[in-house]
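The values are calculated or read from the model by the stated rules, or taken from the named source; none is laboratory data. Computed from a predicted model, the values in this text were never measured in an experiment. Positions of Cβ are generated from backbone atoms using ideal geometry, with glycine treated the same way; all protein chains shown enter the neighbour counts.
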Amino acid sequence: MRLTFHGGAKSVTGANYLVESGQANILVDCGLIQGGYYCDKRNFEPFPYEPDKISAAFITHAHIDHTGRLPKLIKDGFKGTVYSTPPTREFAGLLLADSENILNKEAQRENHAPLYGIDDVQKLMTQWQGVSYRKPIEEKRFKITLYDAGHILGSSVVVVESEGKKIAFSGDLGNSPSPIIMPTESLEELDIDYCVIESTYGDRFHEDVDKRKGILENIIEATVKTGGVLMIPAFAMERTQQLLFELNELVENGRIPRVPIFIDSPLAIKLTAVYREYRSYFNPEVRDLIKSGDDIFNFRGLKMTLATEESKAINEVPSPKIIIAGSGMSQGGRILHHERRYLSDPKNTILFVGYQAKNSLGRKILEGAKIVKIFGEEVPVNCRVEAIGGYSAHADQAQLLNWLKPARKTLKKVFVVQGEEEASAALLRKIHDELAIEAVAPNVGDVIEI
């Protein structure tokens, strides 16, 4: 087998891996490269392989940095089948349609043709099949099996087998235990020879999952006490649903003051509806809660603002109030309107609950920028800036090592990807020193003979 790193190497975003065996070629992930802009200029470059020669693509999960170039792949001639779990397919359809709208606006601003059109998204969905976990797929010279990654609902570890060897692609691994979904499946007894592992939090440790609800409670109480607005830029997928789940518990148990709470994200509202369709993917505790009659994504004081007019009306609601809106890195979406309005007031708080990429607006605010530019306007950052790492859907360094550990007897080599260089380097050293496994951080374009 031959493995080529066409994206995700020494970068958090743009995951794209080509696996070849004889004349058979498959892809694992085909993600959008992101950074200072929603869509990096490198996305417009031709693929470094011939899309019409790829027989299938296997998708670890629905996030745009793993799926965002699939419509371009279709546009450029891919005629094969895309495989993922059924919820990943459902989520991706919504996320890619939303992404097309954002990309089109960026293209107009930059005066170039769009990366793809909505027709390409629709064609993609006709070539996309849902497959259950642990159900092997035969694709020419390959056998591929999906296992639960525990990252977001429907996320997968993709195990590729050919020529008597197995490669595991971690995709993004979960910060287990998650309050809603099942934990990450172990590599134990899979006899993995090689592993491509993410390293987004390869140099960091999260707050204890059990403590994060208490931190959230304290931040809400402090903001309400000052009569302020709590802004939470949140990814529409998983992070918003986790927040809803925990806010539901805090509200129903009287642990936070009753204030208006807004989900100001049409995409998050649509994705939450998909969650309700795939309750079989929830963990047993959540399934039991639902059976008892608890609507885990709804509670008194919550308002979901789907229409633009409803979103604008939030401005007229007196403080204190809580606004959860996309995008999660403040790179677009309705959160920008709220940040422009509320960042300058010291009574208010902005709370980050997810990863903030280099050069993103969210990263600039988190790292202490005193003035930021939003819609061409300079906005002073006078509000409190808070972050809770425990809400990340990514595994931290300890969790990544614990996931690899059961496979150390069979693993010959580990490829550390999908992280900033410092994070990848830190995880690489730990894998080598603590697990005694050879590990490298590949470059984009590196070709490995397996």
Looking only at region 246-258, decide whether some residue is assigned by TED's automatic domain parsing to the domain that holds Lys364, buried (at least 21 other Cβ atoms within 10 Å of the Cβ) and over 20 Å from Arg384 (Cα atoms).
-> yes
Complete set of residues in region 175-234 that are more than 27 Å from Ser156 (Cβ to Cβ), touching a Gly at 6+ places or on another chain (Cβ under 9 Å) and without any contact (Cβ under 8 Å) to a residue 12 or more places away in the chain = none
Within region 14-27, which residues are of a type in the set (Ser, Thr, Tyr) and buried (at least 21 other Cβ atoms within 10 Å of the Cβ)?
-> Tyr17
Single unsatisfied condition, Pro86 versus (1) more than 18 Å from Val274 (Cβ to Cβ); (2) of a type outside the set (Gly, Ala, Ser); (3) surrounded by fewer than 19 Cβ atoms within 10 Å (Cβ to Cβ) = (1)
Run down Gly354, Gly368 and say which single residue is surrounded by fewer than 16 Cβ atoms within 10 Å (Cβ to Cβ) and assigned to a loop (DSSP other than H, G, I, E, B).
-> Gly368
Region 396-424, residues that are in a loop (DSSP other than H, G, I, E, B) and either at pLDDT 95 or above or of a type in the set (Lys, Arg) (or both) = Arg408, Lys409, Thr410, Leu411, Lys412, Gln418, Gly419
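Table: residues versus (1) in contact with a helix residue (DSSP H, G or I) (Cβ under 9 Å, 6 or more places away or on another chain); (2) of a type in the set (A, V, I, L, M); (3) within 25 Å of Asp65 (Cα to Cα).
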site: Leu267; (1), (2), (3): yes, yes, yes
site: Glu285; (1), (2), (3): no, no, no
site: Leu302; (1), (2), (3): yes, yes, no
site: Ser311; (1), (2), (3): yes, no, no
site: Val317; (1), (2), (3): no, yes, no
Any chance Arg276 is within 27 Å of Leu96 (Cα to Cα), in contact (Cβ under 8 Å) with a residue 12 or more places away in the chain and of a type outside the set (Asp, Glu) = yes
Could you figure out which of (1) within 20 Å of the chain's Cα centre (by Cα); (2) modelled with pLDDT under 95 isn't true of Ile450?
-> (1)
Would you check if there is a residue in region 204-219 being outside any helix (DSSP H, G or I), in contact with a strand residue (DSSP E or B) (Cβ under 6 Å, 6 or more places away or on another chain) and basic (Lys, Arg)?
-> yes
Lone unmet requirement of (1) among the hydrophobic types (A, V, I, L, M, F, W, C); (2) closer than 13 Å to Tyr281 by Cβ; (3) under 16 Å from the mean Cα position of the chain (by Cα) for Leu146 = (3)
For region 86-127, what are the residues that are out of contact with any helix residue (DSSP H, G or I) (no Cβ under 8 Å at 6 or more places or on another chain), touching a residue at least 60 places away in the same chain (Cβ under 8 Å) and either polar (S, T, N, Q) or not assigned by TED's automatic domain parsing to the domain that holds Pro51 (or both)?
-> Thr88
Those residues of region 301-317 which are under 20 Å from Tyr275 (Cβ atoms) and over 24 Å from the mean Cα position of the chain (by Cα), in sequence order = Leu302, Lys303
When only residues in region 259-287 that are among the β-branched types (Val, Ile, Thr) and under 20 Å from Ser178 (Cβ atoms) count, which is surrounded by the most Cβ atoms within 10 Å (Cβ to Cβ)?
-> Ile263
Within region 314-332, can one find any residue that is modelled with pLDDT of 95 or more, small (Gly, Ala, Ser), touching a Lys or Arg at 6+ places or on another chain (Cβ under 8 Å) and not in a helix (DSSP H, G or I)?
-> yes
Only one residue in Lys303, Lys321, Lys291 is in the same structural domain as Met237 (by TED's automatic domain parsing) and over 20 Å from Thr223 (Cα atoms). Which one?
-> Lys291
Find the residue count for region 146-179, including only residues that are in a loop (DSSP other than H, G, I, E, B), at pLDDT 95 or above and surrounded by fewer than 23 Cβ atoms within 10 Å (Cβ to Cβ).
-> 2
For region 103-145, name all the residues that are crowded, with 17+ Cβ neighbours inside 10 Å, of a type in the set (A, V, I, L, M, F, W, C) and within 20 Å of Ile64 (Cβ to Cβ).
-> Leu103, Leu115, Val121, Leu124, Met125, Trp128
Sole residue being of a type in the set (D, E, K, R) and assigned to a helix (DSSP H, G or I), chosen from Asp294, Asp288 | Asp288
Would you call Leu243 within 17 Å of the chain's Cα centre (by Cα) and either assigned to a loop (DSSP other than H, G, I, E, B) or of a type in the set (A, V, I, L, M, F, W, C) (or both)?
-> yes
Kindly indicate whether Leu400 is surrounded by 17 or more Cβ atoms within 10 Å (Cβ to Cβ) and over 26 Å from Ala236 (Cα atoms).
-> no
Phe262, sole failed condition from (1) in contact with a strand residue (DSSP E or B) (Cβ under 8 Å, 6 or more places away or on another chain); (2) under 14 Å from Leu153 (Cα atoms); (3) of a type in the set (Phe, Trp, Tyr) | (2)
